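Taken together, the values in this text are just the output of simple stated rules run on the coordinates, not laboratory data. Because the structure is predicted, anything quoted here is derived from the model rather than measured. Note that we place each Cβ from the backbone using ideal geometry, even for glycine, and neighbour counts take in every protein chain shown.
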Amino acid sequence: MTRQTEMVEGSQPDRGFRPGDSTMHVAVYRGEGTVPVESFPIPALGAHDVLVEIAFCGICGTDLHSIVEASGIFGWGAPGFIGGHEWSGRIVAVGESVTSWQVGDRVTARSSECGSCPACRAGRPSICRVRVPDDGQGAFSQYMRRNEDSLVALPDGLDLRAAALTEPLAVALHAVTRSTAKKGQRVLVTGAGPIGTLTVAALHIRGIDDVTVSEPNALRRAIAEKLGAKVVSPEDLSDGSGGGAALRFDAVIETSGNPKAATAGFDCLVPGGVLVLVGVITAPANLNLLRILTDEITVTGSALYDDGGIREAVSLLADGQVPVDLLLEPGTISLHDVANACAKLASGQLAGKVMVVPS
Ligand SMILES: [Zn+2]
Ligand SMILES: [Zn+2]
């Protein structure tokens with residue numbers, strides 16, 4: 001991340017979309033950590049589509065899995081992949097049948113659940129398997145085509161830079177929901193990357209103040225401390241023997257994607273405790289199944305958002321309940337810096353959420 005890059009806090013840069021424009025800049029993954037900026041045609045709009053000019057797009061851990069690790073899971077990391085799903089923007093063109101949106105409206109996206117399958121009807125859109133397909137193009141791009149039904153309005157008072165935290169905040173809130181943690185309980189968050197620190201903020205928002213974070217990286221530890229969490233080293237949690245942990249928690253939210261953190265967190269649970277996996281874990285973790293049985297421990301996952309979670313995240317951000325400045329890296333980067341920033345995020349040289357301005 002180049003620190004001398006423009007500072008655009010609190011403002012939306014005017015990049016002057018002209019309806020006659022035919023191409024846009026896109027940062028596209030071409031393999032082995034390379035993400036060149038290429039010229040793509042601006043997508044043509046169907047009757048119910050809108051064209052959104054992306055104002056800000058955060059870099060997510062899943063982007064790192066794709067760009068740095070080329071992990072291939074869920075189809076991530078295939079050459080031609082365009083990342084970026086944590087965005088805010090402004091509508092610059094609307095299809096002929098669009099009546100609910102106008103040019104100039106400030107928006108982000110809601111999740112793409114179908115709304116009518118058994119999971120959706122049960123209030124669990126995060127496990128809907130009948131998702132409405134989107135274009136598959138991410139927001140590391142100047143413009144994005146979206147169906148009009150997929151958008152959520154952003155309130156006037158909400159800064160577009162802060163608004164780009166909507167999606168990861170909704171992820172963090174869902175993790176807290178899945179943990180069933182309540183006021184007065186002790187919660188451990190393993191990992192203080194962007195989702196870990198947002199989870200600390202989400203726990204505080206839900207009234208859970210006794211939060212400990214385990215994290216080896218000094219930059220990430222500093223953010224967790226500023227957020228008011230107690231910070232420990234991973235070695236402080238357990239000796240890896242599967243029992244006798246020094247620290248005990250009612251719930252553990254694993255955000256690092258490291259199987260050792262899942263094991264250590266699991267070993268710290270009190271009887272009846274809950275381990276929630278949020279970080280993308282692609283290797284096996286050693287969990288003492290006998291403890292799951294005898295201590296009635298719940299091990300579960302957290303994917304996507306609560307029912308209505310995107311709207312809740314928007315209103316929490318608009319109400320100023322989220323310590324945005326502590327969570328974001330200062331300044332912004334351009335599309336040209338995406339690969340470099342991903343490498344620095346993966347290696348721990350950058351700790352906060354990095355915001356891309358795709359102008
Ligand atoms: Zn994300
Ligand atoms: Zn559904």
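Bin all alpha-carbon pair distances of the chain at 10 Å intervals from 0 and give each bin's fraction as a whole percent.
5, 24, 34, 24, 9, 3, 0
In the calculated pair distance distribution of region 196-291, what percentage of Cα-Cα distances lie above 18 Å?
Beyond 18 Å sits 43 percent of the P(r) for region 196-291.
Please compute the length gained on full extension between N340 and D149, using 0.36 nm multiplied by the number of residues separating them and subtracting their Cα-Cα distance.
65.3 nm
Let me have the 222 nm mean residue ellipticity of the chain computed from DSSP H runs of 4+ only, each contributing -39500 (n - 2.57), with the sum over all residues rounded to the nearest 500.
Working: 11 runs with 89 residues, N = 359.
Calculated from helices alone, the mean residue ellipticity at 222 nm is -6500 deg cm²/dmol.
What is the local net charge at E254, summed over the other residues whose Cβ is closer than 14 Å to its Cβ (Lys, Arg +1; Asp, Glu -1)?
For residues surrounding E254, the net value is 0.
Between beta-carbons, use under 13 Å as the cut-off and find the net charge around P216, counting Lys and Arg +1, Asp and Glu -1.
Overall, the nearby charge balance is 0.
Starting from the Cα of A47, step 7 Å along the direction of its Cβ; do the same at T180; then give the gap between the two resulting points in nm.
Between A47 and T180, the label points sit 4.8 nm apart.
What is the distance, in nm, between label points placed 7 Å from the Cα along the Cα-to-Cβ direction at R121 and at Q349?
5.3
Just want to confirm a number: the relative contact order over region 226-359, from Cα pairs under 8 angstrom separated by 6+ residues, in percent.
In percent, rounded to a whole number, it is 17.
Looking at region 24-165, what % of the alpha carbon pairs are farther apart than 24 Å? If you can, show how the numbers build up before the last one.
Values: 3631 of 10011 pairs.
Value for region 24-165 (Cα pairs over 24 Å): 36 percent.
Return the sequence-ordered ³J(HN,Hα) values of region 326-335 in whole Hz as given by the Karplus equation 6.51 cos²θ - 1.76 cosθ + 1.60 applied to θ = phi - 60°, using x for Gly and Pro.
Coupling constants for region 326-335: 6, 8, 9, 5, x, x, 9, 10, 8, 4 Hz.
Please tell me the relative contact order of region 169-301 in percent, rounded to the nearest whole number, where contacts are Cα pairs under 8 Å and at least six residues apart.
Numbers: 291 pairs, mean separation 31.3, N = 133.
Computed over region 169-301, the figure is 24 percent.
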